[in-house]
Every structure is written in structure tokens, then in C-alpha cells.
1. Using only the Cα atoms of segment B:74-227, each taken as one equal point scatterer with no solvent, compute I(q) by the Debye sum, divide by I(0), and report log10 of the ratio at q = 0.19 Å⁻¹.
2. Residues of segment B:171-205 with amide nitrogen under 20 Å from the 7 Å Cα-to-Cβ point of B:Ala222?
3. Using square roots of five times the C-alpha gyration tensor eigenvalues, list the equivalent-ellipsoid semi-axes of the protein assembly as shown in whole Å, biggest first.
4. Where the Cα atoms of segment A:128-169 are projected onto their three principal axes, how long is each span, largest first, in whole Å?
5. Can you list residues whose amide H is under 5 Å from A:Asn299's amide H, if they're 5+ apart or on another chain and H is modeled 1.01 Å from N?
6. What does the average come to when, for each residue of peptide B:107-116, you count the partner chain Cβ atoms lying within 10 Å of its Cβ?
7. Collect residues whose amide H, placed 1.01 Å from N in the peptide plane, falls under 5 Å from the amide H of B:Leu342; neighbours closer than 5 in sequence don't count.
8. What's the long-distance tail for segment B:1-138, i.e. % of Cα pairs beyond 27 Å?
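Read the figures in this text as sums done on the coordinates, not as results from a lab. Just so it is clear, the structure is predicted and the values come from calculations on it, not from any experiment. Every residue, glycine as well, gets a Cβ built from its backbone with ideal geometry; the counts of neighbours run over all protein chains shown.
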Amino acid sequence: MAEEVKKPEEVKKPRKPLDPNSAKYKLGKIASDAFATAIEAKKQGRPVAWVSSNFPVEIPETLGLATAYPENQAAGIAARGAGERMCEVAEAEGYSNDICAYARISLAYAKLKECPEQDVAMPDVLLCCNNICNCMIKWYENLSQELGIPMIMLDIPFNPDYEVSDAEVAYVSGQFWDAVHQLEDLFGLKWDDDKFEQVTGFSCRASRAWLEATAQAKYTPSPFNGFDLLNHMAVMVTARGKEEAGEAMETLLKEYKENHEKGESTFRVEEKHRIMFEGIACWPYLRATSRGLKDRGINMVTTIYADAFGFDYNSFDEMIRAYCSVPNAINLEKSRDKRIKLCKDNNVEGLLVHTNRSCKLWSGFMAEMSRQIGKECNIPVTSFDGDQADPRNFSEAQYDTRVQGLCEIMEANKEAKEA
Amino acid sequence: MIQDTIRKFHEAAASPRAQMEKYMAEGKKIVLTAPVYTPEEIIHSMGFVPMGAWGADMELNRAKEYFPAFLCSIVQSILELGIRDAYKGASAIVIPSLCDTLKTLGENWKYAVDDIKFIPMTYPQNRKPDYGIAFTKAGYERVIRDLEELGGKFDPEALKESNKVYNAHNAVMRRVDEALAAHPEITAAERSDIFKSAYFMTKEEHTALCEEFLAELGEAGAEDKLAIVVSGILTDAPQLNGIFDDMGMHIVADDVAAQSRQYRTDVPEMDDPLQALAVKFANMDNCSVLYNVKKPRVQWIVDTAKERNAKGVVVVMTKFCDPEEFDYVMIKRACEAADLPLALVEVDRQMVHFEQVRTNLETFRDMLTM
Ligand code: SF4
Ligand code: SF4
């Protein structure tokens, strides 16, 4: 393993074609097919929906609506280096650069209707759910105006309490069926209970496999590099209601288990430290942020995403409660406890927090929450400034200094423990 | 005479702490109400004095331990004041989750200010259908339970009365707004005081003072000023209003969250006053934090500007307020389409230097008077 550290990454070997039976291949295919399928549907004159990442996918999947996910698209555009260009298009329209960069990229796309870094099918309807943020409401309202198409709003408010109330379940359930009926009327579709049951089965299967796969980080060393999760997550966003997703996630789980048995890992250097990464990835600097950790032997073994797509439920009410309990919809205490559990289950030694300029909700109580997590888990906490998609809000030098600082504390802690 | 009344508005607007202490000395309990909307009628009916907490123009220090710099300064300064004991003695603060920043205020409040209870008010965005009204009502019931823990008593009859008190205040505020459109001699600073003082006085007192003011207003003023409509969340900065006045601008209508947006909708007459209050929320609209895919607010601004013969619209943007930043693009386009000149100025509760605002408004004035 030590040799690998020394080998400069710049010496590129020709890439081996991926094994079509590998999880990486399957997951990559599902993610890219998600865009292609909607483009194909559009060509055939079938309706396409743009959907927010935590909207109940059970609705479009059951109705057979083709879908595209603007957040996913924006992440792809940012990762391929076009975040700034697209943001500037939106800013020229009058959108402030304080607005979430995903929204700016998406609104720019609504105007240009093309972006070679990641094209999507243009929508006939917008499916908005604000369980991750209210910014989503404003973004989709504007898309609806810009594109002249209907918007269906499923409101899942931020829950200030630890548990989901019956009143909230009733409110969201009412909207769920309203959304279904509106879509039936708009496109002449028909709800089918058997199909719904099948879709929920797929979604639960994918969720269970995802939860279990990410939980394999309980082993030291971890059988995977946590940055893998940031990529594989796209499938949980866009395809968790599809059969292939569950199958691919199960392959991933199998591979992680095998890695552990064989003492292998997709984290290809010696795992000296294990951290939790908090926040959305800095897509424009994925490589830089990943290397900053890897070069120091730091494996990001877990993130809240490991818990975020746990849509495993046994009844309609439980499904609604799951959608009411996604990470950005829950209060500080519940958010904190979920993270403490992840840190403890996965033997985390440090917490690295991305203070994301785009995301007010995610960053707004992160300082207090991470203080509490650090205290409870007795681990150091460090944050850096960045942005998930606008490259102008990240400094590699600051990131490096902060990671170095975190690394030194973790080292000192380790020495103290060993002494 | 009228100057006395105007001075009273100013004193209340400029000294919320003194007002708070006055009420506490009378043995009353204070419940703070955060932006943008809260069920003040309920708080009032349970025997508390609701007082607006929209922050203050100040430097932020302690709030930085909780908030990153890119959250609006209204919310940051509310927390700063809380930490610095400026609200000391208040029993609770009601914070609605109407925007992402407000959601995080409540969460931080619990740890930053432990002697003032945080009471969340969760409003639905799909507020018009029956299930939305039921959810609003459930949110109100939650507020009632929390206020009961603080010694308040809920009585539907008392709420009926409070609903009337608030409707009367709404009505008088609408009359003030209309009257001021014909009175250019009342300055922007004075107009701001009239609206701002409403947050620091009981509604009964404020209604009475407004009635006095209206009676004293007299004939419409003849001053030749530049009629404008102002839109935004908050426009109470003295420097900002000073600049409006220096530029000879006359605010003939406002679409300001802290001003007229509060008073557009009344509680309807119904047997169940709590249900009626939930229906009021369902009927509210024309606001950046209330979902409406058609954004009628945009047309409202254009129509109102025309109705009141405004020469232009000034959007006062609170820095980092994303709900308003999204709407701005649509407002800008609608104004362009209607041939209505528009200016954008950015403000912030930490702002000390207003040169940029002055320059922008100077240019705007010159353009309008050319
Ligand atoms: S990054 Fe934050 S603000 Fe932007 S869409 Fe996601 S949750 Fe909403
Ligand atoms: S100013 Fe804007 S961001 Fe700040 S609390 Fe008000 S609505 Fe929210």
C-alpha cells in the first residue's frame, strides 16, 4: 500500500474497461441512463417532469412519468467545470449571486435549454418538494414562470420537533393524493395501486442495500473511499424507485463485503485517519478536496448521505414520515443525533464541515450542531468555506490549511491514546 | 398638534426597550414575534403583549458564533440582541419557519438564548385547501400549548375579541397608507416611524394613535415630490429614509413585509375564531414567503404603482434574502414590460455607509425627472 502513496497520480495508465458486472459500471449506467431515458421520452412525445431530489419518487414512478432531477444536473454541470459559466448566465438575468448555485444553474438552463456538460429533457411539469429547503419553492416558482408550465407543490415543512406529528402526516398525505390527481388530470395518466406497491418495494430494496453498503464503513480499514458515496448517491436521488437501483446497490454491498474479507478497499492508500464529511460535495473541486484528504491518509468514511436515503418503510404513513424526516427537514437535536450515531458506528476521529455558501439551511445551524457533535464524540471539528457548484466561493489554500490542522489534531489524539 | 403625534410614533419606534419595560412594569408579559408573520391575535388573546423582533441596525459579533456571514442580517441581529440580553425579561419568542434562514434562527436560539423560550410556528405553504387550513390550525394549537406553559389561558371568546382588535388595526393601517399617498409633506422617515411603532405598542394604543394622526392630517399637501412605490422586507434604516427624503421622494404605496404586507388581510367572521384565524392565513398572498406559483405579487406592484400614479418602483433588497432575490427578477421584468422605471438598492442591518444607496437613488431621481 505504501508504494501506492508514492506513485504520482499524474502517471496515467490506460484505463481498464469497467467490468459490466461491477457495481461501479451498473451504478454509472443507471445514472447516465436517467438523463437519456427522459430525453428519449420527450422525443416520443411523452411528458417529462423536473423533480426535486427528495420529492416522493413513488408518484412519478407509479404514474410512469419520465423524470429529470435539476439538482443532479447542476451537480454534473459543476463537476464538469461549467458551474461558473452557467451561474453568470443567471446573474445576467438579474439573479443575485447569493442564490443557491444549483438554482442559478438550473434557471440558466431554462433560458439556454442546452449545456453540453449535461443536457436534460425540457420539462412539461415541475414536481417540487421543499423538505430540503424553501429555496426550492422560489426556484421552481420561477422555473414555472420562465417555462410557462405547471408546478406541483408538495409542502413538507421543516419540523421543529423531534418526532413527526400526526397533523403533519395528515397534511402531507392530503397533498400526496392531490398531486397524484393533478398529474392524472394534466396528462391523462392513471394511478395503479399494484404498480405503486411494486415501486415502493423497489424503493425500499434500494434503500436497504444503500444503508447496509454505507454501513460497511464500520470496519477498520473501511472497505471503501467515502468519496464513492458522493457519486453513487446520484442513483439514490434519481432512480431509487427502479428495480435496477436495488440490484446495483446490492452489488455494491456485496463488493464492499468482499473487500472487507479480502482486506481491500477503494480507498487505495493506507487509512491513517477516519473522518465524517459534512455537507454537499464541492463539485467543481471534487478532485482537489478528495486529494487533500487522500494525500494525508484521511478516509472520509461517512456522511449524512449514508442516512439520507433511508426510504425503507412498511406502510403509507411510514413512507410519509420518512419524507418528513430527510436531513434538512429535521431539527438540530435529531440532525445531531443521527450524525453522532454515524460517527460512533464508524469510528470517526474527526469532523470536516463544508460551510456551503449556497445552502443557508444546511449551514445555518451547523456551527452549533458540530460543536455538540464534537463534544459528544470527543473528536476535533474543522470547517472550510466552499460552494457545491459555484467555483468562485472556494479557496484551495484555505481548504488545505484546515485539513492539515485537523490532521495534526487527529495525529496528536492518536499518539496520546497509544501512549 | 400633528407634530406631537408624529413624535409619539417616533419615540415608540426608536425605543423598543423602553416600551418593553413600560409594559413589564405594568405587570404584563412580553412575547416576541419574529418576521414575517406570526399569530399575534392568539398571543394577545392569552394576555401577553406581542412585540415585534425584527432585529436592529448594529454590528454583529456574538451571532457569528452561530451563523455564517451569508445569512440575512435581520435574523443575525435578532440572535445578537437575544445573546446580548436586549430582550431580557421577555417570556418567549415565536419564530415561523417561512424561509430557510428563519428555520435556523429557532434552532440556534434554543442554545444561544436559554432564558427566552423558543416557540415555533409552522405554517403550511399549501395553505388554501382544507388540509392546509387544518395544518395551520394545528400549528396554532401548538403555539397555544406553549403559551399555556408560560401561564397564558386560551379562551375562544377572548380570541374573538382579539381578532376584532387586530382587524381594526389592519383597517386603520390601510387608511394610513392611503392617506399618506396624498400627503407628500409627511416624510419617508415619519412614515417609517408610523409603521415601525406598531411593533412596540399594543394594537389598541397604536390604533388610537393612528386615528388621532388621521384626524389631524387635514387637507392633502401640495408639495411637488417624486411619487414612488417601495418594495422589500424591511425599510426602517434611518439613513435610507433620510436619502428618500433628500431626494424628494414620496412613498405613495409600499410592498414592504414589515409594513403594509402585514395589514392586507383580515380575520373573517366565523363561529370558531381559531378556524377563522387559520382561514386568514389561507387568504394571505402577495408575499415572497407565501407560495403562489402565479406570483400575483408582481402584478400587484405594477397595478398599485399605476393606481397611485407612482413614477417608479424602488426595490430595497435585504442582502442575502433569497425569497426576495428570486422575486426581484420577475418584478424587474414586469416593470420593464409596463414601462415603469425601477431601481434596486441593497441594504443590510450592519451597513454604516449608505453612499451606494445614495448614488443609486440619485441616478434614479435624475432619470425620473429628466
Ligand atoms: S443546496 Fe441547499 S439551498 Fe440549494 S437546493 Fe440544495 S438544499 Fe436547497
Ligand atoms: S429577510 Fe428574507 S431571508 Fe431574512 S428572514 Fe426575512 S425572508 Fe428570511
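1. Relative scattering, expressed as log10 I(q)/I(0), comes to -1.25.
2. Only B:180-187 pass the distance filter.
3. Numbers: eigenvalues 449, 160, 144 Å².
So the equivalent ellipsoid measures 47, 28, 27 Å along its semi-axes.
4. Sorted from largest, the Cα extents of segment A:128-169 read 38, 16, 9 Å.
5. Residues meeting the amide H criterion: A:Lys272, A:His273, A:Arg274, A:Ile275.
6. 3
7. Answer set, sorted by chain and number: B:Val313.
8. Summing the P(r) of segment B:1-138 above 27 Å gives 26 percent of all pairs.
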